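The next block holds one structure in the form of structure tokens; read it before the comments.
The values are calculated or read from the model by the stated rules, or taken from the named source; none is laboratory data. Predicted model only: the values in this text are computed from it and were never measured. Please note: Cβ atoms are built from the backbone with ideal geometry, for glycine as well, and neighbour counts cover all protein chains shown. Surface areas here come from the heavy atoms of the whole protein model, side chains and all, with no ligands, DNA or RNA. Shrake-Rupley method; radii C 1.70, N 1.55, O 1.52, S 1.80 Å.
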Amino acid sequence: MAKTGPIIVLDPGKERTKGNEALFMNINAAKAVAGLVQSTLGPKGMDKMMINKLGVVSMTNDGANILKDIGIEHPAAKMIVEVARSVESTAGDGTTSSVILSAALLDKAEKLIKKGIHPTAIIKGYRIAEEKALEILEKEAVSVAKGDRKDILKKVAMTSITGKAPDVHKEHLADVCVKAAEIVEEDGFVDVRTKIIRVVELQRRTEETEVIEGIALNTGALSRKAPKRIENPKIAILDAEIAANKTKANSTMVVSSPEERQKIIESERQSLIDIAKKIVDSGATAVFSTKLVKSSVLEYFEKHDVFVSRPMEEKDIENVSYATGAKIVRNPKEFSEADLGGADLLERDTRNGGGKTYIRGGHNSTVATIVVRGETLQHADNADTALDDALWVIKSVIEDGKIVAGGGAAEIETALGLAAYAPKAGGYDQRVIAAYADALEEIPRTLIRNGGLDVIDLSLALRAEHSKNKNAGINVYTGKVTDMLEEGVVDPYRTKVNMVKAATEAAIMILRIDDMLRATTTREIPDAPPQHLAASYNGMAPPQMNERR
């Protein structure tokens, strides 16, 4: 029989890692990601300092922001980052807990695999544990009645804000968030993305942060003569310059006398006035534009007491359009009365040497604006991050009408419930479900550790107390196990549900991987032969060699 050489199936330019080696590599990457944010969990969590390429320094303990800005390269680690983004987009909070739980599940899975349990069996057990955990969480949840929910909303907001903004401000910021959510609530739904706008104002104290029913714009009037208050304003929005007809490109205009030149200038000015007149005749009393309005046009608007804004950003005119119903017009010559929007009141504030414009009671949609104030950009950013998370947890409670005890109470109760259920499953499932329960306990353990407390003693005390009170959790300020509902430390039910679902899904995705193929660095290409030199292409550059592989 003829001998054959070795059969090469894979591209020699690929690196292959397979089996447990690939799996453990991915698990270690996931645990490394969790290690980046683990110390930030809880009211006594530490901050991370991040410096970007321009040297701008920022400090935060928000897990989603840290993972977004840090620049993760490992593919398995990126999957864990996607977990954080998923939770952030659906619940707004709980990102750090989700990452920690993902890593804990993978750590327990690694130990089970080393004991001979196949990843497929672990995946099956994790699915069973996930379903049971969600059942337990639903039993733990406390319903919130609409009539007496305001105090609960404030508590859930304060729980979210704690550790992200100074404690002295958390009650005021929570009140601001609750008020904003109540303004925009419609049929039990709170649209945080489009109906609650946040603007930042520096060199002001954080306790001066306020919510306005309507829109607050960091844009003043273009003229000092503009009216300071307009009731029932008719609002026009322009996303183009008010300009006369332009000549063709590269064209030249020849005039024979100064009078003729002046006549052309006057004709152009009159065409601009005609456009302004058309806007005024439509009934407009306020004009918001992304472009600078020329002085001749501004004078005409001033004579008719029309408010004209300074040039605005595109996102601002979109907000004004959404609230007032005004259409964004990109050709001022085609402006009509149908393009106008309305509101109850337009005011401008010239205090502090600047300009701020308020549009209250938009006729198209109810909108609230939170003016986030801070003495420095760092203070304002921290307050803004805290407000964002607080708004999302308030939204979750309003829409779901359910809360759970915080301070690790929900996690430890779910873990104990799973541990009690595990023997009923039998076989490998019993060991996997018990491992899942142990992974859930990593959340309260991390809270204790970050609070500088004794992990072993408090963990045992927490377990013992839960036999009597399912709402018992860790008070990291006193170092004692207390009733979290009585302490006012509560979390949205949705946050815990999403944490369990996202963490389980991420762990299972990584456990399914048993083979990794990675492209290695590009092999060197030999020098081009003489016929491929530039001279052979009539002076043109030859094809790039790295594009001809």
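A few remarks follow.
- Long pairs among LYS31/LYS53; LYS48/LYS155; LYS154/LYS424; LYS164/LYS234; LYS111/LYS501, criterion Cα-Cα beyond 31 Å: LYS154/LYS424; LYS164/LYS234
- Estimated [θ] at 222 nm from DSSP helical runs (n ≥ 4, -39500 (n - 2.57)) normalised by residues in the chain, nearest 500: -15500 deg cm²/dmol
- For the listed peptides 123-135, 151-163, 99-111, a ranking on the average number of other beta carbons within 10 Å per residue, highest first, reads 99-111, 151-163, 123-135.
- Accessible area per residue for the chain is 51 Å², calculated with a 1.4 Å probe on protein heavy atoms, without ligands, DNA or RNA.
- Solvent-accessible area, 1.4 Å probe, carbon plus sulfur percent, for the chain: 50
- Computed lengthening from ASN364 to GLU313, 0.36 nm per intervening residue step minus Cα-Cα distance: 16.3 nm
- Taking all pairs of distinct alpha-carbon atoms in the range 48-101, Kirkwood radius in angstrom: 11.7
- Note on the range 267-422: dipole from Cβ charges, positive end direction compared against ALA286, ALA419, LEU377; the farthest Cα belongs to ALA286.
- Farthest toward the positive end of the dipole of the chain, out of ILE27, VAL489, SER102, is the Cα of ILE27, where the dipole comes from beta carbon charges about the Cα centre.
- Expressed per residue, the C-alpha convex hull volume of the range 114-226 stands at 245 Å³.
- Span-rule helices in the chain, defined as complete DSSP H runs reaching 20 Å or more along the axis (Cα) with Kyte mean at least 0.0: 19-37, 75-90, 95-114, 167-184, 409-425, 427-440, 493-511
- (1) 143, 71, 44; (2) 75, 61, 48; (3) 99, 83, 38, with the label sought being that of the calculated Cα extents along the principal axes in Å: (3)
- Size estimate for the range 52-180 follows the Kirkwood approach: the inverse of mean 1/r over distinct Cα pairs works out to 18.0 Å.
- Whole-Å distance, taken between Cα centres, linking the range 446-511 and the range 288-307: 59
- Principal axis box of the range 347-468, alpha-carbon based, largest edge first, Å: 71, 38, 28
- Solvent-free Debye scattering, log10 I(q)/I(0), computed from the Cα coordinates of the range 277-344 at q = 0.27, 0.29 Å⁻¹: -1.53, -1.63
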